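The structure under discussion appears below in the form of structure tokens.
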Amino acid sequence: ATMAEEAKKLAAYAAVDNHVQNNQAVGVGSGSTIVYAVDRLAARVRQEKLNIVCVPTSFQARQLILQHSLALSDLDRHPQLDVAIDGADEVDADLTLIKGGGGCLTHEKIVASCAKHFIVIADYSRKDSKVLGQQWKKGVPIEVIPMAYVPVCRTIVRRFGGEAHLRMAVSKAGPVVTDNSNFLLDWKFDGAQNWREVNAAIKMIPGVVDTGLFVDMAERAYFGMEDGSVQVRDPAVA
């Protein structure tokens, strides 16, 4: 566990050091790897007297920003961000991502879409795949309006195969509820897909808020490795 934590830290530090500069608005993602990114951000603000504002993607990210006494902002005040840094549940060879294992996918996607540069950080364990689904077995998270979850499940399975289930909470009776008061489906897909087409098609189903498929959004991924190095992946040039 400590090796994986060290790897998360390496990836987070590399991303913050390479992409965050003075006088920037920075999108702060969600999840366990982001904790290290915010640590590094706070250290650099103190040491280098950086003037940066942070826009969170979730309640967790907001709390991290406040705990570290960083300047908190939002998309009303900073609708264009210089960079957004976030984790991912899985990253394929084309930098297509599955995100939303932590349930913040819609906020994460909105913030990422507002950033000039969207940077992904991850550790070597179970995140880095040639194709999606190779390591991440929980499927693609899809945020849905509560009244629509049964029809949406049925439509996805009918059109794309696999199986879709309502995500149930662990320490609470009933389903997981997102920061937007919606439900989450997890769609376990069969085999390779054209993710650009599938993502567009699922988003058109009435009741779907957004999907955890991030296609053509990330411009670079940093993977902290077991041996203490950091691997950088850029999208394949078409």
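The values are calculated or read from the model by the stated rules, or taken from the named source; none is laboratory data. Note that the structure is predicted; figures quoted are calculated from it, not measured. Glycine also receives a Cβ, built like all others from the backbone with ideal geometry; neighbour counts cover every protein chain displayed. These area figures cover heavy atoms from the full protein model, side chains too; ligands, DNA and RNA do not enter into them. Shrake-Rupley method; radii C 1.70, N 1.55, O 1.52, S 1.80 Å.
Quick one: Karplus J couplings for region 8-24, per residue in order, coefficients 6.51, -1.76, 1.60, θ = phi - 60°, nearest Hz, x for Gly and Pro?
Those phi angles translate into 4, 4, 4, 5, 5, 4, 4, 5, 5, 5, 8, 10, 9, 10, 4, 6, 10 Hz.
Set Lys and Arg Cβ to +1 and Asp and Glu Cβ to -1, take the dipole of the chain about its Cα centre, and tell me which of PRO146, SER58, ILE119 lies farthest positive.
Positive-most Cα among the choices belongs to PRO146.
Strictly over 23 Å apart at the Cα level, which of LYS8/LYS49; LYS8/LYS172; LYS9/LYS188; LYS8/LYS130; LYS127/LYS188 would you flag in this model?
From LYS8/LYS49; LYS8/LYS172; LYS9/LYS188; LYS8/LYS130; LYS127/LYS188, over 23 Å: LYS8/LYS49; LYS8/LYS172; LYS9/LYS188.
Counting only protein heavy atoms and using a 1.4 Å probe, what share of the accessible area of the chain belongs to carbon plus sulfur, as a whole percent? All intermediate terms of the calculation are to be shown ahead of the outcome.
On the way: 5850 of 11260 Å².
In the chain, the share of accessible area belonging to carbon and sulfur is 52 percent.
Which trypsin sites (Lys or Arg not before Pro) in region 130-238 sit in a loop by DSSP (not H, G, I, E or B) and have at most 12 other Cβ atoms within 10 Å of their own Cβ?
Counting only loop positions with at most 12 other Cβ atoms within 10 Å, the trypsin sites (Lys or Arg not before Pro) in region 130-238 are LYS130, LYS137, LYS172.
How big is region 67-129 along each principal axis, measuring the range of its Cα positions in Å and listing the largest first?
37, 26, 19
Search the structure for amide H atoms under 5 Å from the amide H of CYS54, placed 1.01 Å from N in the peptide plane, and list their residues when 5 or more places away or on another chain.
VAL26, ALA71, LEU72, SER73
If MET217, MET3 are ordered by their accessible area, calculated over protein heavy atoms with a 1.4 Å probe, which sequence runs from highest to lowest?
I get MET3, MET217, largest accessible area first.
Given that compact globular proteins tend to follow 2.2 N^0.38 Å, what is the ratio of the alpha-carbon Rg of region 140-211 to that value?
Values: Rg = 11.9 Å, N = 72, 2.2 N^0.38 = 11.2 Å.
So the Cα radius of gyration is 1.06 times the expected 2.2 N^0.38 Å.
Between ALA84 and residues 5 or more places away or on another chain, which pairs have amide H atoms under 5 Å apart, with H built 1.01 Å from N, and which residues are they?
The answer is GLY27, HIS117, PHE118, ILE119.
Taking H as built 1.01 Å from N, whose amide H comes closer than 5 Å to the amide H of ASP123, not counting residues under 5 places away?
GLY224
If I take R0 = 25 Å and measure r between the Cβ atoms of GLN21 and ARG77 in this structure, what FRET efficiency does the formula 1/(1 + (r/R0)^6) give, to the nearest 0.05?
The calculated FRET efficiency here is 0.80.
Per residue of region 78-92, what does 6.51 cos²θ - 1.76 cosθ + 1.60 with θ = phi - 60° give for ³J(HN,Hα)? Whole Hz please, x for Gly and Pro, Karplus curve as stated.
10, x, 10, 9, 6, 8, 10, 10, 8, x, 8, 7, 7, 10, 9
Considering the dipole of the chain built from charges on the beta carbon (Lys and Arg +1, Asp and Glu -1) around the Cα centre, which of LEU81, THR178, LEU97 is farthest to its positive end?
About the Cα centre, the residue reaching furthest to the positive side is THR178.
Full-extension gain between MET204 and ARG159, please, as 0.36 nm times their residue separation minus the C-alpha to C-alpha distance.
Working: separation 45, 0.36 × 45 = 16.20 nm, distance 1.25 nm.
Contour length minus Cα-Cα distance gives 14.9 nm.
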